[in-house]
1. What are the semi-axes of the equivalent ellipsoid of segment 79-122, taken as the square roots of 5 times the eigenvalues of the Cα gyration tensor, listed largest first and rounded to whole Å?
2. Given N residues in segment 54-95, what is Rg(Cα) / (2.2 N^0.38 Å)?
3. Return the Cα extents of segment 77-168 along principal axes one, two and three, sorted largest first, each rounded to a whole Å.
4. To the nearest 0.05, what FRET efficiency results for Ala32 and Ala75 with a Förster distance of 25 Å applied to their C-beta separation?
5. Leaving ligands, DNA and RNA out of it, rank Leu71, Leu107, Leu65 by accessible area with a 1.4 Å probe, largest first.
6. To the nearest 500 deg cm²/dmol, what mean residue ellipticity at 222 nm is calculated for the chain from DSSP H runs of n ≥ 4 alone, each contributing -39,500 (n - 2.57), summed and divided by the residues?
7. Taking the Kirkwood radius as the inverse of the mean 1/r across Cα pairs, report the Rg/Rh of segment 14-162.
8. Quick one: length gained pulling Leu66 to Ala84 fully straight, 0.36 nm per residue minus the C-alpha distance?
Amino acid sequence: MTALSMFLARIPVWVLPLFVLLLWLGVRARNARSMPMSRVLIAPIAFLLWGMARLIDRVAMQPSLLAVWCLFAAAAGLAAMRLARVDRLAFDTDSRRVTVPGSNAPLIRYMAIFWAKFAIGVATGLLPEHRAALLAVDCAISGLMSGHFATNLVLILRAWRSALRSAA
């Protein structure tokens, strides 16, 4: 058995479907589209939960990682507040739909998260002696992801609420 086939055999079964899903969602996001408000919230909620689930796993092993996660979540949240473009969303409160402009940003963001998480998983398997440092990096990535998506979620909901008030 070659080193490559041994490596591929150790990759969890769910990794390829997750990659395909994120790639598909990212490619679809390159085009403007109209969708129900509830669907706009799915990605931020899913990524936020993913980031928090990793936090729970990691903090159980090493409680000091909570500080790492919080620091990076706060930094990403502040950056997202400055960079988020919710003003580009068009809300139709009557049909409860949102028109989202096309952008390469989701594809880049999803692939960056996937490959960073994949690399950490591979490194943890190959370098068990560096597990503590890799857990800290994993918590930092999860914090960045959670802070970014939590802030986007709040900003989208605030913009939606504002649109509802304007329509009333």
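The values are calculated or read from the model by the stated rules, or taken from the named source; none is laboratory data. If you're wondering where the values come from, they're calculated on a predicted model, not measured in any experiment. Glycine also receives a Cβ, built like all others from the backbone with ideal geometry; neighbour counts cover every protein chain displayed. Protein only, heavy atoms only, side chains kept; ligands, DNA and RNA dropped before computing areas. Shrake-Rupley method; radii C 1.70, N 1.55, O 1.52, S 1.80 Å.
1. They are 30, 13, 9 Å, listed largest first.
2. It is 1.82.
3. For segment 77-168, the Cα extents along the three principal axes come out at 60, 22, 21 Å.
4. Efficiency at R0 = 25 Å is approximately 0.25.
5. Leu71, Leu107, Leu65
6. Numbers: 7 runs with 123 residues, N = 168.
-24500 deg cm²/dmol, from helical runs alone.
7. Details: Rg = 16.5 Å, Rh = 16.3 Å.
My calculation of the ratio gives 1.01.
8. Values: separation 18, 0.36 × 18 = 6.48 nm, distance 2.55 nm.
Going from the current span to full extension adds 3.9 nm.
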